[in-house]
Each structure stands twice: as C-alpha cells, then as structure tokens.
Amino acid sequence: MVSAIVLAGCSGSLEDIAPKAERELPQKILTQMKAKGMRKDAPIMMRIFKEEGELEVWKQKTNGRYDLIASYDICKWSGKLGPKYTEGDRQAPEGFYTIGPAQMNPRSQYHLAFNIGFPNDYDRANGRNGTHLMVHGACSSAGCYSMTDEQVEQIYAFARDAFRGGQQAFQLQAYPFRMSAANMARYKDDPNYPFWTMLKEGYDYFQVTKQPPKVDVCERRYVFNKVAADGARFDPVAACPPATTPQPLLTAYQSYQKAYQLDFAKAMKSKRNQETKPSIYGVQEAALVADWSRRRARGERVSAEPPSLAPSNGNLAPETMTAYSSPTSAAADAEPQATGSAVPAPQVPETIADGQAAVETQQTAADPAVLPAPNPRRFGDAQGGAEGPGAVQRARGAITNLFGGQ
C-alpha cells in the first residue's frame, strides 16, 4: 500500500495504478450506513466463521458500538476446523489478528488482498509459523480465505475508507464456528475445545459490548480486556502481570456467562448424534500434512489426500481435506465426525518439533499414488490457507444500556 501511494504521487492517482482498489461501496450499503448512524469512514472490524463459511464486516456507529453492516459467503477455504500450526499444514488461521494499511495489497494477483497478520504474538509464542495468509479474491485458492472478486472489492473498500478516516488498524476475529452454547456443546469432545474456549472469551466480550476486545498475550495464551498494573506489561511468553478488568465490563461479562451456562447445560443434554465437521488433530497431524505437502511438491509418491489422525481409533488414516466452496457444499464434502461416547485418543505432541519428529516413525495407510508437483504458490495463495433465542439474549438485552444503547 505504501509503495503504491508513493508511486501514485509520481505518476498519477491510486486509481491509475489499481482502479479496483478505489471502487466505491454500492449505494445500497452507503444508505444502510446512514440509517444505522455510521460515517462512511468510521472504524471497522471483521469476523470469520469457518463452519458457516461467512465473513462479516462490522462498523462503528456514532455511539461507539459496532453493528453488522455486511456479510459475505466465503468462496473457498482449505483445511479443517482448528488453528494453523505450521507452514504447509493447509490450515486457515483461527484467532485474533490486526490488519494495518501496510498489509493491504491493491496489486494482488488474486484481484485484491490483505495479509491476515499470521503469525501473531500468540502464534509465535506457541511456535506456530506460516507465511502469506490472506483474505483475497479470485475465488481460487488452496489456502487462505478466498472471496469472489466482487466481494473482495467491497471488503477492501470498507478497510480503505476506515483507514482514510483515521483508523490505524482493524481487528479480524477468525473462529471455527459461531460460539453459541449449542455449537460449543456439539464440539465439547473435540481436541481443539480448550483452544476454542479461550477464543470464546474474546467472542463473548464482543457479544456483550459490541466493541472489539482489547487483546493481549501472556503465558502463551490470549487475555482480553485486561489493564496491567502501573509499569507492568504483557509478555507473550512470560507470566501474566497483575491486571484488572474495569468493573462495569466485568459485571456485564459475568452476567452473560451465567446465562450462557444455563443454555450450555441444556445443549449438552440434547447434543447426541449432532453432526460435526472434521477438525485438525493437533500439531502431530499438522506436521504430517506439512510433510505430505513438501513431498508432494517435490514430486514424490504420496497419498491422494493429506494424511489425518483419526480420533475414532488413534490410527493414521486418509481423510478428505477439501477447499470448501460454501456451507452447503462443505456439509456435503465433509464426513460427519461422531460425538458419541468418548474413545481413548492418541497422544498428541504439544510442540511443532515433537509433531515433526513423529512423522519419521508414522506413515499413512493410503496406497501411494504418483502426483505431479503443483505449481509454486503465488502471492496470497499460501498452503494453510445470532445465536438463537435463549437466556443469553435476555441477559444481553438487560446489560445493553451499560454500553451506549443499541
């Protein structure tokens, strides 16, 4: 973005260089903004939900709270539910990311793009790595979050206008699914559940306040809306410093949690036989997939599909890992994952190094097939790539006035 602006100063406007990056939002959206009390250049934030295949754009209103202004069906994303661990694991990131002007690419080979900012402080503190993780257009990707060209033009315009209005960076929250009581109960037995419950705290703060949470990292975990004591700071790998949460915010959050727990208990009683989507089974599976990707790129004999650890029996087994095109097609492509009685799970290494070491002693059960080496990845095409009515909603309505109205 910076280089494009400098170049524009010498030879014309940004419109001359990348007209697609300067296209205005549709009049319908501008009219909706005005009706909702939003300035065109007001700050934004975004949320991504993998299972639902949606990207949401939220925009700040004059009262300081954010409201949903646009929602888009994600054209394609690859991998499974769960976080990204390492380069080549084909996972799209989950977590809290910050996007500034320098991460915007008006000259992307994928129409328009912005870098998600992976790895962030949490990812680095936990030894996770990967490059060029994007939201981009062209609806063609083996990784990242890919949109149609028309969609990404609008998403890009929201960010561009917010930056021009003075926002220095916007927050992108990437989740496996909407973190309702029903969905959390559905995935209670998933190996990623502890990670997802950590993300849910940030999700819940936004549900309560309709303002992006303050995000920090300490003790290799996310912490939200914490104010460190004088002179203290948050270090991603060090012990968390003494910190507090503003009392009105804490009270509202605790009220929300009490209502949520009631809904969760009800959902747990009725979650039997509810379908779930495949999820990555820790760093060991990530390392196996990354090794498969490297060997495939070299033209070696590998299985037709990336390897997967099967939670049902603890053995390695091939499992379809597809680039989902929509919630509907994703449901058709993905095999349901049972959530019945618990079965002893294989030991999952805690670090990327341990997972990579395990690759040396484990092989996939699939018959090998000769596959041609894929073309090198282009820019932005990295491998990796309202809850229903209930007690929660009633609690949210009761605390709305604490944070500036609707």
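So Glu150 fits all but one of (1) in the same structural domain as Arg39 (by TED's automatic domain parsing); (2) buried (at least 21 other Cβ atoms within 10 Å of the Cβ); what number is the exception?
(2)
What tally of residues in region 87-102 results from selecting those that are surrounded by 19 or more Cβ atoms within 10 Å (Cβ to Cβ), over 14 Å from the mean Cα position of the chain (by Cα) and at pLDDT 95 or above?
So the count comes out to 0.
Tell me which residues, restricted to region 71-84, are under 17 Å from Met134 (Cβ atoms) and not in a loop (DSSP other than H, G, I, E, B).
Answer for region 71-84, where residues must be under 17 Å from Met134 (Cβ atoms) and not in a loop (DSSP other than H, G, I, E, B): Tyr72, Lys76, Trp77.
Yes/no per residue for (1) under 20 Å from Pro191 (Cβ atoms); (2) not hydrophobic (A, V, I, L, M, F, W, C); (3) not in a helix (DSSP H, G or I):
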site	(1), (2), (3)
Thr86	yes, yes, yes
Thr98	no, yes, yes
Pro119	no, yes, yes
Thr131	no, yes, yes
Cys139	no, no, yes
Val152	no, no, no
Tyr156	no, yes, no
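Quick check on region 122-131. Is at least one of its residues surrounded by fewer than 18 Cβ atoms within 10 Å (Cβ to Cβ) and of a type in the set (Gly, Ala, Ser)?
yes
So, in region 158-178, how many residues would count as being in a loop (DSSP other than H, G, I, E, B) and either closer than 17 Å to Ser71 by Cα or at pLDDT below 95 (or both)?
Here the count works out to 3.
What strands (runs of 3 or more DSSP E) completely inside region 200-316 contain at least 3 residues that are surrounded by 15 or more Cβ atoms within 10 Å (Cβ to Cβ) and touching a Leu at 6+ places or on another chain (Cβ under 9 Å)?
In region 200-316, the matching strands (runs of 3 or more DSSP E) lie at 307-309.
Scan (1) crowded, with 19+ Cβ neighbours inside 10 Å; (2) more than 19 Å from Gly117 (Cα to Cα) for the single condition Tyr193 breaks and write down its number.
Of the numbered conditions (1) crowded, with 19+ Cβ neighbours inside 10 Å; (2) more than 19 Å from Gly117 (Cα to Cα), the odd one out for Tyr193 is (1).
Check Asp204, Asp235, Asp263 and return the single one that is charged (D, E, K, R), under 26 Å from the mean Cα position of the chain (by Cα) and closer than 16 Å to Tyr122 by Cβ.
Residue meeting the stated conditions: Asp235.
Output the residues belonging to region 22-38 that are in contact with a Ser or Thr (Cβ under 9 Å, 6 or more places away or on another chain) and within 28 Å of Arg107 (Cβ to Cβ).
Listed by number, the list holds a single entry, Glu22.
Find all pairs meeting these conditions: Cβ atoms under 9 angstrom apart; at least six residues apart or on different chains; first residue within region 227-248 and under 25 Å from Thr209 (Cα atoms); second residue of a type in the set (Asp, Glu) and assigned to a helix (DSSP H, G or I).
Listed by first residue and then by second, the contacts come to Phe234/Asp121.
So if I check each of Gly88, Gly166, Gly82, Gly130, which one is of a type outside the set (Lys, Arg), touching a strand residue (DSSP E or B) at 6+ places or on another chain (Cβ under 7 Å) and at positive phi?
Gly82
The values are calculated or read from the model by the stated rules, or taken from the named source; none is laboratory data. Bear in mind the structure is a predicted one, so any value in this text is a computation, not a measurement. So basically every Cβ, Gly included, is an ideal-geometry build from the backbone, and we count neighbours across all protein chains shown.
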